[in-house]
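Here is the structure we will look at, set down as C-alpha cells.
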Amino acid sequence: MYRMLKLGFVPNAVSFNMLVDGCCRNGEVDLALQLVKKISLVSGRRVEPNAVTFNSILNGLCKAGKLEIAERVFREDIKEPNVRSYATLIDGYARDGQMVNALKGYAEEASVFLSDIMQCSVSPDKFTYSTIIDSCCRNGDLREAVRVYRRIREENLVIDSAPYNSLINCLCKHGKFREARQLLGIMITSGSAPDVVTFTSLIDGYCKGSRLDDALETYDGMVKSGEKPNLVTYNAYVNGLCRTESVDVARHVAENTRMDVFTYNTLMNGYCSSTRD
C-alpha cells in the first residue's frame, strides 16, 4: 500500500479490503488492524472500513484465538454487522479448541447472538445455524442444539450433513439412540445423504452403549449405502467388542483392517481386562 501511495495511487475499497484480507490470511492480524486505523487518513477519507473489512479482521482474530479482541471489534467497530459477521464470530468460538472447557456457557452466548441477528433484521443463513448447532453439541447442550435445528426446519432451510452429524453424535452421547435413528431417517428423506461421519457416530454410540447388534446393523447399512468405513469406524467397533469382552472377535476385525496405536492400545486393554476378570 505504501508503494501505491508513493506512486500517487490511492487504494480504493476493493484493493484495501484485499490487502487487509491478505494480512489476516497470513496471520498478520495486528498489521491489518493498523491498516484499518490508518486507511481513512492516508486515503484522504476517501476509503473507510466496511463490513467486508471487519469480517476479514474477525476471521483473522478468531483463527489467532484472540476472541476477546474479536468480540470487542464486533461490538464496537462494526456499525452494521451482516450475517457473515455473526457467523464468523460464532464459528470462532465453536472452533477454538483451547477454550472449549472455559466456554461451558457458550450455548447461551450463541442464543444471544442469534437473538441479536433477528433484532437487527439480519436473516441467519444455514451456515450460521449449522455453526450454532455444532457449537452447542461441542459443549453438550443438546437442548439448545435441538431448538436451533427446529428453527431450521420451520424456515425450510436445506442443510448439508454437518449439522445432522453434530446432532446425531450428541444424541448418541446422551444415550438417545432412538432419536438419533429418527434423525437419520429425517436426514435421508430431506435429501442429505449420510456419510462416513454419520454412520461412525452411530456405531461409536451403539458400541459405547454395549449395543453391538445395533452397531453391526448400522455397519451393514453403511456398506450397503456405498460408504466405506474408515479407521475411526473400525476403532469404534473394536472398542465396542472389547467392552463386551469379545476381544478375540475384536482382534479378528482389527487384523483385517489397517491398525493404528489406538487399535493396539484398545486390544491390549481388552486382553488385560479379560485376564484380570
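Here the helices (runs of 4 or more DSSP H) wholly within segment 200-277 that include at least 1 residues being in contact with a Phe, Trp or Tyr (Cβ under 7 Å, 6 or more places away or on another chain) and over 26 Å from HIS174 (Cα atoms) are 247-255. The set of residues from segment 27-84 being more than 27 Å from TYR129 (Cβ to Cβ) and of a type in the set (Lys, Arg) comprises LYS37, LYS38, ARG45, ARG46.
To keep it simple, each residue is scored yes or no on (1) touching a helix residue (DSSP H, G or I) at 6+ places or on another chain (Cβ under 7 Å); (2) assigned to a helix (DSSP H, G or I); (3) acidic (Asp, Glu); (4) surrounded by fewer than 17 Cβ atoms within 10 Å (Cβ to Cβ).
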{"residue": "THR131", "(1), (2), (3), (4)": "yes, yes, no, no"}
{"residue": "SER135", "(1), (2), (3), (4)": "yes, yes, no, no"}
{"residue": "ARG143", "(1), (2), (3), (4)": "no, yes, no, yes"}
{"residue": "VAL148", "(1), (2), (3), (4)": "yes, yes, no, no"}
{"residue": "ARG153", "(1), (2), (3), (4)": "no, yes, no, yes"}
{"residue": "PRO194", "(1), (2), (3), (4)": "yes, no, no, no"}
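Taken over segment 230-266, the criterion of being closer than 23 Å to LYS176 by Cα and not small (Gly, Ala, Ser) is satisfied by VAL232, THR233, TYR234, ASN235, TYR237, VAL238, ASN239, LEU241, CYS242, ARG243, THR244. Number of residues in segment 1-36 that are surrounded by 14 or more Cβ atoms within 10 Å (Cβ to Cβ), assigned to a loop (DSSP other than H, G, I, E, B) and either at pLDDT below 80 or among the β-branched types (Val, Ile, Thr) (or both) equals 3. The set of residues in segment 137-182 being of a type in the set (A, V, I, L, M) and more than 21 Å from SER210 (Cα to Cα) consists of LEU142, ALA145, VAL146, VAL148, ILE152, LEU157, VAL158, ILE159, ALA162. The C-beta contact set for segment 225-237 (first residue over 13 Å from THR198 (Cα atoms), second residue aromatic (Phe, Trp, Tyr), distance under 7 angstrom, 6+ apart or interchain) comprises ASN235/PHE262; TYR237/TYR219.
Residues of segment 37-56 that are surrounded by fewer than 19 Cβ atoms within 10 Å (Cβ to Cβ), closer than 20 Å to ARG75 by Cβ and not basic (Lys, Arg): GLU48, ASN50, ALA51, VAL52.
Yes or no, residue by residue, for (1) modelled with pLDDT of 55 or more; (2) under 26 Å from GLY191 (Cβ atoms); (3) over 13 Å from the mean Cα position of the chain (by Cα); (4) not hydrophobic (A, V, I, L, M, F, W, C):
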{"site": "LEU103", "(1), (2), (3), (4)": "no, no, yes, no"}
{"site": "GLU109", "(1), (2), (3), (4)": "no, no, yes, yes"}
{"site": "ASP116", "(1), (2), (3), (4)": "yes, no, yes, yes"}
{"site": "CYS136", "(1), (2), (3), (4)": "yes, yes, no, no"}
{"site": "ARG143", "(1), (2), (3), (4)": "yes, no, yes, yes"}
{"site": "ASP160", "(1), (2), (3), (4)": "yes, yes, no, yes"}
{"site": "ASN165", "(1), (2), (3), (4)": "yes, yes, no, yes"}
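Mind listing whichever residues of segment 183-228 are among the acidic types (Asp, Glu) and more than 24 Å from the chain's Cα centre (by Cα)? Full working, then the answer.
If we filter segment 183-228 for residues that are among the acidic types (Asp, Glu), which is where we start, we get 195, 204, 213-214, 217, 220, 227.
Selection gives ASP213, ASP214, GLU217, ASP220.
The values are calculated or read from the model by the stated rules, or taken from the named source; none is laboratory data. Predicted model only: the values in this text are computed from it and were never measured. Methodologically, a virtual Cβ is constructed for each residue, glycine included, from the backbone with ideal geometry; neighbour enumeration extends over all protein chains shown.
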